[in-house]
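All remarks here apply to the structure that follows.
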Amino acid sequence: MSQQIESLGAKFVAAPVDESAAAATGYAKEVADETQRRQQDALSPHVADSDVVITTAQIPGSPAPLLVSKEM
């Protein structure tokens, strides 16, 4: 995915991901609050300096995690 984003002239920023974040099916699964906080901390400086932010996070059967807040 990063190559597709960068081919458009955009910057790809990866949030830290624990190995346990992927289920055996290959889909994401819910992560601990601490992991989600680390992801938000890593994204925050980039979000504040951006015109557009595109996030992809889907957990089957659960609402998507909120990685970006108004405060960012």
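Just so it is clear, none of the values below were taken in a lab; they were calculated from the coordinates. Values in this document were obtained by computation on a predicted structure and should not be read as measured data. Here the Cβ positions follow ideal geometry from the backbone for every residue, glycine too, while neighbour counts run over all protein chains shown.
FRET efficiency for MET1 and GLU71, Cβ-Cβ distance as r, R0 = 25 Å, nearest 0.05? Each step should come with its number before you reach the end.
Working: r = 26 Å, r/R0 = 1.05.
Using R0 = 25 Å, I get an efficiency of 0.40.
What is the local net charge at PRO60, summed over the other residues whose Cβ is closer than 14 Å to its Cβ (Lys, Arg +1; Asp, Glu -1)? Walk me through the numbers on the way to the answer.
Working: positive: LYS29; negative: GLU30.
It works out to a net charge of 0.
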| request: Kindly state, to the nearest 0.05, the FRET efficiency for SER44 paired with VAL17, given R0 = 22 Å and r defined as their beta-carbon distance. | output: 0.85
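Sort 33-44, 1-12 by the packing proxy (mean of other Cβ within 10 Å over each peptide's residues), most packed first.
By packing density, highest mean first, the sequence is 33-44, 1-12.
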| message | What FRET efficiency comes out for ARG37 versus GLN58 if R0 is 22 angstrom and r is the Cβ-Cβ distance? Round to the nearest 0.05. | response | 0.65
| query | Which net charge results for the neighbourhood of GLN40, defined as the other residues with beta-carbon distances under 14 angstrom from its beta-carbon, given Lys and Arg at +1 and Asp and Glu at -1? | reply | -1
